[in-house]
1. Distance from a point 7 Å along Cα→Cβ of residue A:171 to each backbone N in segment B:99-120: keep the residues under 18 Å and list them by number.
2. For A:116-127, what's the mean count of beta carbons from other chains sitting within 10 Å of each residue's beta carbon?
3. Looking only at A:72, A:191, A:162, which one moves most when chain A is put into a Gaussian network model with springs between Cα atoms under 10 Å?
4. Which value, in Å to one decimal place, does the Kirkwood hydrodynamic radius take for segment A:178-223 when every pair of different Cα atoms is included?
5. Can you compute the FRET efficiency between residue A:250 and residue A:151 using 1/(1 + (r/R0)^6), with r the Cβ-Cβ distance and R0 = 25 Å? Round to the nearest 0.05.
6. Along the principal axes of its C-alpha atoms, what lengths does chain A span, in descending order and rounded to whole Å?
7. Relative contact order for segment A:47-251: what percent, with Cα pairs under 8 Å and sequence separation of 6 or more?
8. Hey, got the average number of other protein chain Cβ atoms within 10 angstrom for residues in A:161-170?
């Protein structure tokens, strides 16, 4: 796909990024002047003005921190619980048979659907937010890591055994490193799910947060700051993904090339 | 062979293996008896499904026989042990470890200190001529190089018996020939008892002191053929009458079994 152009010099990667960026900006501009869409897509100057306002009012920092606290604690709980459950499921057939159908079932329900239930059970405030993110990240990460443990090449375990490895060595020196790529993939998916779920989680009567603020701007028809927040959530998402991808490359560079 | 009396290294005593499958029981091995003497190089040939891999896994201690037993130096095999090394067809290198760390793996498990383990590992890496690749990861190596690492890794823990399950099966003809020559050389230097599975009759004759032909369904030893050709066995040997006679004899035995299986 890269070489379709007939020109002799290749457009460098940053060049394409620039072209892509300018195209989007142009499209956005058209949307902002077209009478039918102008109200929902205010253009850059207005967005920048909104940025100034939310910074000076102090709400941006407050919202960002509040959301990050929920995302980070929910994700951390999800990770800490998903790892042992995933290994138990891979190890013990009864655990797998009992848990797996339910993990698959709940995983397919959009978090937004069960948020009200969590609020009724856990009250309003930060608690239900963390619980919802915990649940959503736990489900995706447990499934991914479990697949990883089950995918460990059996001949590697045999090879370790004939070289004198005991059960404990096999866990620490074979299964754990062999599963690392899946754990990192799980982290990447988990972070992405945590952000997606955040908006649902903050619809539970939060007092601050990126998702809650979008809702409140929407209620008062403040379109420019709302669009700004939407863009910021996108930036947070892509930044965290890039960080994790770098981490993946560093830690699992030994892998045969493969995209998950 | 020569008159000297050698001690039995591995005794396979009426080993039977029955698998419970969906279509009822499947007899993989039906009373296999075999004495493997010290320093012998045994090659096992036979059609797929004759239980040769099952037999190797039982000797390795990775599978339990349904009845019968395997003894190494008179001691009954129960589970794996470092006196029995295994080289697998799929290399089975740890992809997250470098060549050096792969070869050191078994040594570290023995509780050896880093420097000591490294020294021994380097000796065997040099033996397989990969000293320029000590810090490479398996994904950077060709198939032949990977199998060399696996052989070095197996030798490093100083096993007395080396079990090899079609180790060169996935390699191209040239690499195969080269590794066969290297393996003969190491076998002569290191004096290990080798048990080598292959489906390639020529490979068996080039390597073995004794070729075992197995029959399928149920798997059992059909014929034991001594190969009294002098080492090192070069490629020219393949053109000579003795070699061709052996080849047609062994191939005849194996081919009958292929026909049996196809029925």
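1. none
2. Partner-chain Cβ atoms within 10 Å, mean over residues of A:116-127: 0.
3. A:162
4. Its Kirkwood hydrodynamic radius stands at 12.2 Å.
5. My answer for the efficiency is 0.70.
6. 72, 64, 30
7. About 30 percent, as a whole number.
8. Across A:161-170, the average partner-chain Cβ count within 10 Å equals 6.
Values in this text are rule-based calculations from the coordinates and carry no lab data. Keep in mind that what you see is a predicted model, and the values were worked out from it rather than measured. All Cβ positions, even for glycine, are placed from backbone atoms using ideal geometry, and neighbour counts span all protein chains on display.
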